[in-house]
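Asks: Handing you this structure, nothing more for now.
The values are calculated or read from the model by the stated rules, or taken from the named source; none is laboratory data. Every value quoted in this text rests on a predicted model; they were computed, and no experiment measured them. Ideal geometry is used to build each Cβ from the backbone, glycine not excepted, and the neighbour counts take in all protein chains shown. Surface areas here come from the heavy atoms of the whole protein model, side chains and all, with no ligands, DNA or RNA. Shrake-Rupley method; radii C 1.70, N 1.55, O 1.52, S 1.80 Å.
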Amino acid sequence: MYPVSGKTMLARRVPTILPPLTPGESLETTRIYSALGRLAPGEALLAIRPFRSPHHTISDAGMVGGGSTPAPGEISLAHHGVLFLDELPEFHRRSLEVLRQPLEEGRVTISRALNSTTFPASFILMAAMNPCPCGYLGDPKRACKCSPPQIERYMARVSGPLLDRIDLHIEVPSVPYQELSAKADGTSSAVMREQVLRARGVQTRRFGSGVQRLNSRMSSRQLRRYCGLDAEGQGLLQKAMDDLGLSARAHDRILRVARTIADLEGAEHIRVGHLHEAIGYRSLDRKLWAR
């Protein structure tokens with residue numbers, strides 16, 4: 001993302017397009033905030049999905065939880081909500097690497113000498129980073145002043161295994177003046193939420209109401225059952241895997257995203273167009289492979 005492209009504002013809108021908290025989700029999240037004394041005066045239950053945006057100086061214990069008596073960290077405070085990490089490469093490497101297990105399992109376990117404690121941590125991770133230290137690599141109006149080694153070091157601060165666990169990599173250019181001053185309204189959060197609810201409805205009918213009720217939580221067996229590709233789709237995915245050097249995890253995430261795109265269009269099967277779009281959302285894979 002380029003500087004002043006509205007990334008923080010965009011991230012803050014994500015909870016507004018997600019379905020409302022179910023009673024069970026509200027109770028789980030409220031317990032976490034209550035244990036830490038984070039509930040507002042007079043607030044019995046959390047009614048909206050949490051949005052957490054910790055500063056990049058946060059420690060790994062602050063991120064996942066810890067202490068002599070283990071307490072929940074930011075990822076648990078974001079349970080059933082959004083964790084937004086702005087300026088991702090500026091975070092300590094260890095603070096980012098500890099996210100890998102919770103992203104896969106939806107929970108985090110903190111072990112001590114005498115016992116271990118498990119906290120829920122099922123959250124949507126959103127992160128933003130500039131294309132280079134100065135922020136203007138590829139900008140058509142401003143020249144980048146960074147050297148190739150500086151760009152290499154900057155990008156290397158975020159590990160490949162962590163990027164593998166992020167489904168969508170999207171470039172967000174700066175917003176031109178014409179769009180900022182335009183009087184026409186864009187797509188509202190209410191309209192987007194309706195689309196999300198329709199897609200969630202499809203997934204509920206597909207999986208039921210269990211833990212793996214979302215495309216993002218599909219197991220390998222469910223991937224084979226619900227994400228079958230025709231010969232053209234298999235050829236496209238194989239070419240992407242070979243050309244971009246994608247991992248097995250990235251392969252599965254592309255299929256999950258393609259399945260979701262198909263659900264948004266009301267399609268029963270994944271078509272080549274859905275797969276093309278899902279592969280296109282791996283922009284950082286393309287950049288890292290090009291280097």
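Asks: Look at the stretch 141-165 and say how many of its residues are touching a residue at least 24 places away in the same chain (Cβ under 8 Å), open to solvent by less than 60 Å² (accessible area, probe 1.4 Å) and not in a loop (DSSP other than H, G, I, E, B).
Replies: 7
Asks: Mind telling me which of the residues S283, S216 ends up being of a type in the set (S, T, Y), under 27 Å from M155 (Cβ atoms) and open to solvent by less than 40 Å² (accessible area, probe 1.4 Å)?
Replies: S283
Asks: Inside the stretch 81-115, can you point out the residues that are without any contact (Cβ under 8 Å) to a residue 12 or more places away in the chain and β-branched (V, I, T)?
Replies: Answer for the stretch 81-115, where residues must be without any contact (Cβ under 8 Å) to a residue 12 or more places away in the chain and β-branched (V, I, T): just T109.
Asks: Going through A250, A231, A258 one at a time, which residue ends up being of a type in the set (A, V, I, L, M, F, W, C) and surrounded by fewer than 15 Cβ atoms within 10 Å (Cβ to Cβ)?
Replies: A231
Asks: Can you tell me which of V64, V82 is aliphatic (A, V, I, L, M), open to solvent by less than 30 Å² (accessible area, probe 1.4 Å) and at pLDDT below 95?
Replies: V64
Yes/no per residue for (1) polar (S, T, N, Q); (2) in contact (Cβ under 8 Å) with a residue 60 or more places away in the chain; (3) surrounded by fewer than 12 Cβ atoms within 10 Å (Cβ to Cβ); (4) not in a loop (DSSP other than H, G, I, E, B):
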{"site": "D167", "(1), (2), (3), (4)": "no, yes, no, no"}
{"site": "S174", "(1), (2), (3), (4)": "yes, yes, no, no"}
{"site": "Q178", "(1), (2), (3), (4)": "yes, no, yes, yes"}
{"site": "R205", "(1), (2), (3), (4)": "no, no, yes, yes"}
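Asks: OK, next. Cβ contacts < 9 Å: first residue among the acidic types (D, E), restricted to the stretch 25-43; second residue part of a helix (DSSP H, G or I), any location; separation 6+ or different chain. Result?
Replies: E43/T30; E43/Y33
Asks: Of the residues that sit in the stretch 1-56 and are open to solvent by 70 Å² or more (accessible area, probe 1.4 Å) and β-branched (V, I, T), which one is modelled with the lowest pLDDT?
Replies: Among those that are open to solvent by 70 Å² or more (accessible area, probe 1.4 Å) and β-branched (V, I, T), it is V4.
Asks: Against the conditions (1) over 26 Å from R256 (Cα atoms); (2) part of a helix (DSSP H, G or I); (3) open to solvent by 70 Å² or more (accessible area, probe 1.4 Å), where does K183 fall short? Just the number, please.
Replies: (2)
Asks: Any residue at all in the stretch 117-139 that is in a strand (DSSP E or B), touching a Pro at 6+ places or on another chain (Cβ under 8 Å) and not acidic (D, E)? Working first, answer last.
Replies: Initially, the stretch 117-139 is screened for residues in a strand (DSSP E or B), giving 117-120, 124-127.
Next, from what is left, pick out any that are touching a Pro at 6+ places or on another chain (Cβ under 8 Å): 117, 119.
Now restrict to residues that are not acidic (D, E): 117, 119.
Yes, the stretch 117-139 contains a residue that is in a strand (DSSP E or B), touching a Pro at 6+ places or on another chain (Cβ under 8 Å) and not acidic (D, E).
Asks: Give the residues of the stretch 236-271 that are over 19 Å from R200 (Cβ atoms) and of a type in the set (K, R), sorted by residue number.
Replies: Within the stretch 236-271, K239, R249, R271 qualify.
Asks: Considering only the stretch 188-203, how many residues are under 16 Å from T260 (Cβ atoms) and open to solvent by 60 Å² or more (accessible area, probe 1.4 Å)?
Replies: Within the stretch 188-203, residues that are under 16 Å from T260 (Cβ atoms) and open to solvent by 60 Å² or more (accessible area, probe 1.4 Å) number 7.
Asks: For L264, work out the one condition from (1) out of contact with any Lys or Arg (no Cβ under 9 Å at 6 or more places or on another chain); (2) hydrophobic (A, V, I, L, M, F, W, C); (3) open to solvent by 40 Å² or more (accessible area, probe 1.4 Å) it doesn't fulfil.
Replies: (1)
Asks: From the set of residues in the stretch 207-234 that are more than 20 Å from the chain's Cα centre (by Cα), assigned to a loop (DSSP other than H, G, I, E, B) and not hydroxyl-bearing (S, T, Y), which is farthest from P20 (Cα to Cα)?
Replies: This residue is D230.
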